[in-house]
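The values are calculated or read from the model by the stated rules, or taken from the named source; none is laboratory data. Just so we're clear, the structure is a prediction, and the values are computed from it rather than from any experiment. We place every Cβ from the backbone using ideal geometry, glycine too, and count neighbours over all the protein chains shown.
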Amino acid sequence: MDGNGPGGSERRGEHAGLLTIGAFARASRLSPKALRLYDELGLLTPARVDPLTGYRHYAPAQLERARLVAWLRRLGMPLARIREVCERPPGPAAELVAAYWAQVEADTAARRDLAAFLVDQLSRKDTVMTEPHTPVTMRSAALTDRGLVRPANQDAAHAGPRLLAVADGYGEGGEQAAAAALQELRPLEGRDLTAVDLLTALEEAAHRAHRAAPSGDAEAGSTLTALLRSGSQLALLHIGDSRAYVLRDSGLVRLSHDHSLVQSLIDEGRLTPEEVPSHPQRALLLRSLHGGAEFAPDLELLDARPGERYLLCTDGLSAVVPAEEIRRTLSAAAGPEEAVRDLVALAHASGAPDNIGCVVADIVAVA
């Protein structure tokens, strides 16, 4: 139990050179509830805990650390990161704070781009009945590469006038799983689908690929990220940790969300993006094309406009090349063929520890 207690108890604590939790809370501008939590987490341990009453007492010298904790919390820093900052000498601690804030600014920029993308998408839907769509087609290119470390290439990619897809196979038989996934989707190129049928047709084809994937105890399967076009409508299907991006006026916007353990930890605030490369389970997928798992893809319908450039890629690119470098490369490339070559070259320059698969497509107006 904590509290100010009888006046005599508080005075005795202060006479002994220690502050009660109430006095310390007022001085540090942290609530008693927060102080109890930080004690439980080992972040700010009291100098003394009364063995009879359980009252916490703090040394005045602890105020500096308490105020640092309060400031870092105001920055929104997760408690695990705060503990790491507090345990470092001032110089390295300052570097950690700077690195954290740089990541916050990068995340904010990404959210700003996503907000602009959503505003644009919703505005398009609002005008769809009053403004006719510009007829469009896709010019695309695909490229896969073994990388510099892996003994075989388990990535597969497809680029056509209607269908874009990447698949990242894993485990023994992963190459066959990725190839089989795209084999199930390729017949969609020849189907004259309406916008209403897009999502259903894409989901059914991916479901067939899922049923054909290895099952039982076989640790093999594949990711799948695909875009299927009908007129100016695009259906997006995504399962796993391959990615879909669009480059438009609002910047490079990520359209997919990784179905991985590390992404779930990031979403829960238990892991930071810069900690992902060193996480021992960074390759663990929560969803994929695997016969022994539930088929649960993300599905979305998008409006495409001339001038947009889409990228589908496996994590052999996105895990080693920063998003800003990907954006610059996509913006500078004259066409899809040059873009996929340059992106693979970027992955190689970063060590290419994994297979690389990417598809780039330009939305162009039909003359």
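Key figures
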read-out	value
Boolean, R282 is on the phi < 0 side of the Ramachandran plot, modelled with pLDDT under 90 and not in a strand (DSSP E or B)	yes
Region 65-82 residues that are within 13 Å of A94 (Cα to Cα), paired with ones that are polar (S, T, N, Q) and not in a helix (DSSP H, G or I) (beta carbon under 9 Å, 6 or more apart)	R81/T272
G357 being of a type in the set (G, A, S), in contact with a Ser or Thr (Cβ under 9 Å, 6 or more places away or on another chain) and closer than 17 Å to L164 by Cα	yes
Region 215-244, residues that are within 24 Å of E175 (Cα to Cα) and touching a Lys or Arg at 6+ places or on another chain (Cβ under 6 Å)	I239
Criterion violated by L312 - all others in (1) more than 16 Å from the chain's Cα centre (by Cα); (2) in contact (Cβ under 8 Å) with a residue 40 or more places away in the chain satisfied	(1)
Options R327, R341: the member that is of a type in the set (K, R), modelled with pLDDT of 95 or more, under 19 Å from the mean Cα position of the chain (by Cα) and surrounded by fewer than 19 Cβ atoms within 10 Å (Cβ to Cβ)	R327
Test: residue in region 263-280 that is basic (K, R) and within 30 Å of S232 (Cβ to Cβ)	no
Matching entry among V253, V246, V262 (being crowded, with 18+ Cβ neighbours inside 10 Å, within 13 Å of the chain's Cα centre (by Cα) and in a strand (DSSP E or B))	V253
Residues of region 292-310 satisfying the condition of being out of contact with any Gly (no Cβ under 7 Å at 6 or more places or on another chain), within 16 Å of G240 (Cβ to Cβ) and not aromatic (F, W, Y)	A293, E294, A296, P297, D298, L299, E300
All helices (runs of 4 or more DSSP H) inside region 315-356 with 2 or more residues being without any contact (Cβ under 8 Å) to a residue 60 or more places away in the chain and of a type in the set (G, A, S)	336-349
